[in-house]
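The values are calculated or read from the model by the stated rules, or taken from the named source; none is laboratory data. Model, not experiment: these values are computed from the prediction. Here the Cβ positions follow ideal geometry from the backbone for every residue, glycine too, while neighbour counts run over all protein chains shown. The protein model used for the area step is the full one, side chains on, heavy atoms only, and it has no ligands, DNA or RNA in it. Shrake-Rupley method; radii C 1.70, N 1.55, O 1.52, S 1.80 Å.
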Amino acid sequence: MRKTGNITLDIAVADAPVDEGCRRVMKKLVEHGCNAAGTPYSVEPFQVAETELRYLQRHGEVYGSGTSLVLPVLRSVEVEREGANVGKIRFVLGVNLV
């Protein structure tokens, strides 16, 4: 789990304070079982496209309730360029998606 001090953010996707494009990508991640902060995930491009994840990485920031803390929804995104997993997209969430 992603912890900042004593704070772990759980973000309800349905009413997340992000734009509709980010919310759509977040819903896809949850549908594929990707919902825990700090956990490395890997998806195929047909499940969630790299461009969608890059959009979420650039535009998806959320505030901690009652704080000025701002966290990215996605901490990192990387595409496998060689080996057996070529094309797979690896990423780590910065918050829990519920």
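Of everything in the stretch 43-69 that is open to solvent by less than 60 Å² (accessible area, probe 1.4 Å) and part of a strand (DSSP E or B), the residue that is farthest from residue 20 (Cα to Cα) is 43.
Residue 87 falls short on exactly one of the conditions (1) open to solvent by less than 40 Å² (accessible area, probe 1.4 Å); (2) at negative phi, and that condition is (2).
Of all the criteria given as (1) within 30 Å of residue 84 (Cα to Cα); (2) in contact with a helix residue (DSSP H, G or I) (Cβ under 6 Å, 6 or more places away or on another chain), the one not satisfied by residue 50 is (2).
Inspection of the stretch 23-33 finds no residue satisfying the criterion of being outside any helix (DSSP H, G or I), of a type outside the set (Phe, Trp, Tyr) and either touching a residue at least 24 places away in the same chain (Cβ under 8 Å) or touching a Ser or Thr at 6+ places or on another chain (Cβ under 8 Å) (or both). Number of residues in the stretch 71-88 that are assigned to a loop (DSSP other than H, G, I, E, B) and free of Cβ contacts under 8 Å to residues at least 40 places away in the same chain: the value is 6. With respect to residue 21, determine if the residue is surrounded by fewer than 16 Cβ atoms within 10 Å (Cβ to Cβ) and more than 14 Å from the chain's Cα centre (by Cα). Against the criterion (surrounded by fewer than 16 Cβ atoms within 10 Å (Cβ to Cβ) and more than 14 Å from the chain's Cα centre (by Cα)), residue 21 does not qualify.
Filter the stretch 70-84 down to the residues that are over 18 Å from residue 25 (Cβ atoms) and not small (Gly, Ala, Ser), then identify the one that is most open to solvent (accessible area, probe 1.4 Å). In this case the residue turns out to be 81.
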